[in-house]
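In what follows, a structure is listed as structure tokens, so that the remarks can point back to it.
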Amino acid sequence: MSGNRHTLELQTRKPQELVDLTSAVQAWICKTNVQEGTLSLFCPHTTAGLLINENYDPTVKQDLLDQLERMIPVQGPYRHSEGNAAAHIKSALIGTTLAVFLCEGQLELGRWQGIFFAEFDGPRARQVWLRIETKDPLLRDP
Amino acid sequence: MSGNRHTLELQTRKPQELVDLTSAVQAWICKTNVQEGTLSLFCPHTTAGLLINENYDPTVKQDLLDQLERMIPVQGPYRHSEGNAAAHIKSALIGTTLAVFLCEGQLELGRWQGIFFAEFDGPRARQVWLRIETKDPLLRDP
Amino acid sequence: MSGNRHTLELQTRKPQELVDLTSAVQAWICKTNVQEGTLSLFCPHTTAGLLINENYDPTVKQDLLDQLERMIPVQGPYRHSEGNAAAHIKSALIGTTLAVFLCEGQLELGRWQGIFFAEFDGPRARQVWLRIETKDPLLRDP
């Protein structure tokens, strides 16, 4: 894979979980040596998503999962026979693509923000695809 | 319109519907001959949206529309007088922009993913705007 | 900050509010003199978001905030102790990133669309970060 693209592999541990990817994403950006540009993230799964929210107080993550569960319960009047209809709906609402700016080789996030993988039908082996659009030369091919 | 931009025209058939755009989008990408880049999609309507989800089992689409209807019913205590307040709210939640990577001239989607136009106030003539950011030369001007 | 990046400062006035940013964003684009490209918008806050929806009838904005409040009430069975758990959840659902195309120096929006900052825990001083990806030369450094 070329120097501005990467696949992040992760293993979720619970049926529903928010996994903080910020450090892993930043570590890859450092390897690319890109200083300026826009990072796009893509979740290739239909029962998971990507979001940016507070990564400081862990109750925020639990509140989000609990409220989504109240709004879109796992058990509901769904037609899809695989038992994960709610996970598909949560994925569609949370979304599967994000974009974050890079400046001086660092993710530009707000003070309290982290990048999260939202697992709605785990535990599973998952991927997140990363790509940087930049005018910088790509110095390394990690 | 220049070679990296395109307007997809579609006609929705129902009041609420998910229309799979994946083949039409891929067909246009083939015409551009772009091999590597990022495709951005934009929905210029305020009562519709764009999402990526499963395109295999059609019950997933129906479950999504039904659950959104339970959460945000067409008939509700809304002030907007045109009768489509719920459609505006669904559009804001589902979102109107997406980004998908291109590799070797193909949309990079997960195994079960498709790109959908989400109609919430149809049937109507609708558009989706496409644009590719790429370093590739644009060989054809379709 | 370089010519293709900008920070928009705003002061929200209410606990929950949609602030139309369209004119302010367009004004900055005019200053950059960029004609073609893609504008990315990023909300660096965890209790606010960005969305595109109707900017004509103000009841649409009120309906959206009211319905979100019915779905995710400020007072609820949350664990987060700061009293703004609902604002975090709304932010995650509405999303914090957007992309809009530029053509001939103008934001390409649908006829009824505007770009909104969604305040869910105001009033506060807020920012929106803007960045243009373009092949155009950047003529001015505002």
Handout entry: Length-normalised contact order for the range C:67-117 - Cα pairs under 8 Å, 6+ apart - percent
Key = 21 percent
Completion exercise
Once amide hydrogens are built 1.01 Å from N within the peptide plane, the residues lying 5 or more places from B:LEU21 or on another chain with amide H under 5 Å from its amide H are B:ILE115, B:PHE116, B:PHE117
Exercise for the section: Calculate one ³J(HN,Hα) per residue across the range B:115-126 by plugging θ = phi - 60° into the Karplus curve 6.51 cos²θ - 1.76 cosθ + 1.60, and present them in order as whole Hz with x for glycine and proline. Expected result: 9, 10, 8, 9, 8, 10, 8, x, x, 8, 7, 10
Completion exercise
The alpha-carbon center of the range B:29-59 and that of the range C:1-72 are separated, in whole Å, by 23 Å
Exercise for the section: For the range C:1-137, calculate the relative contact order in percent as a whole number, restricting contacts to Cα pairs under 8 Å that are 6 or more residues apart. Expected result: 52 percent
Completion exercise
For C:CYS103, other-chain or 5+-apart residues with amide H closer than 5 Å (H placed, Pro excluded) are C:GLU108
Problem - Phi-based couplings in Hz for the range C:40-48 (Karplus 6.51, -1.76, 1.60; Gly and Pro marked x) - result: 9, 10, 9, 9, x, 10, 9, 10, 8
Exercise for the section: Please give the average number of partner chain Cβ atoms lying within 10 Å of the Cβ of each residue in A:70-82, rounded to a whole number. Expected result: 4
Exercise for the section: Could I have the simple spin-label model distance between B:THR22 and B:GLN106, label points 7 Å from Cα toward Cβ, reported in nm to one decimal? Expected result: 1.2 nm
Exercise for the section: Give a residue-ordered list of calculated ³J(HN,Hα) values for the range C:52-67 (Karplus: 6.51 cos²θ - 1.76 cosθ + 1.60, θ = phi - 60°; whole Hz; x for Gly, Pro). Expected result: 10, 7, 5, 10, 9, 8, x, 5, 4, 5, 5, 4, 5, 5, 5, 5
Practice task
Work out the mean other chain Cβ neighbour count within 10 Å for the residues of C:36-43 and drop it here as an integer.
Solution key: 5
Completion exercise
Of B:TRP28, B:TRP112, B:TRP129, the most mobile residue in a GNM of chain B (C-alpha springs, cutoff 10 Å) is B:TRP112
Practice task
Normalise the Debye intensity by I(0) for chain A, one equal point scatterer per Cα, no solvent, then take log10 at q = 0.09, 0.10, 0.18, 0.20 Å⁻¹ and round to two decimals.
Solution key: -0.30, -0.36, -0.99, -1.16
Completion exercise
Note on the range C:40-108: alpha-carbon gyration tensor, axes a ≥ b ≥ c; rule is a/c under 1.5 for rounded, else prolate if a/b larger than b/c, else oblate; result oblate
Handout entry: Spin-label proximity, C:CYS30 to the range C:69-110 - amide N less than 18 Å from point 7 Å beyond Cα toward beta carbon
Key = C:102-109
Completion exercise
Taking the alpha-carbon centre of each part, the distance from the range A:80-118 to the range C:77-142 in Å is 15 Å
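Given a Förster radius of 35 Å and the C-beta distance between C:ALA125 and A:TYR56 as r, what FRET efficiency does 1/(1 + (r/R0)^6) yield to the nearest 0.05?
Details: r = 20 Å, r/R0 = 0.56.
About 0.95, to the nearest 0.05.
Each reported figure results from applying straightforward, stated rules to the coordinates on display, with no laboratory input. This one's a predicted model, so the numbers in the text were calculated from it and none came from an experiment. Every residue, glycine among them, receives a Cβ derived from its backbone with ideal geometry; neighbour counts consider all protein chains shown.
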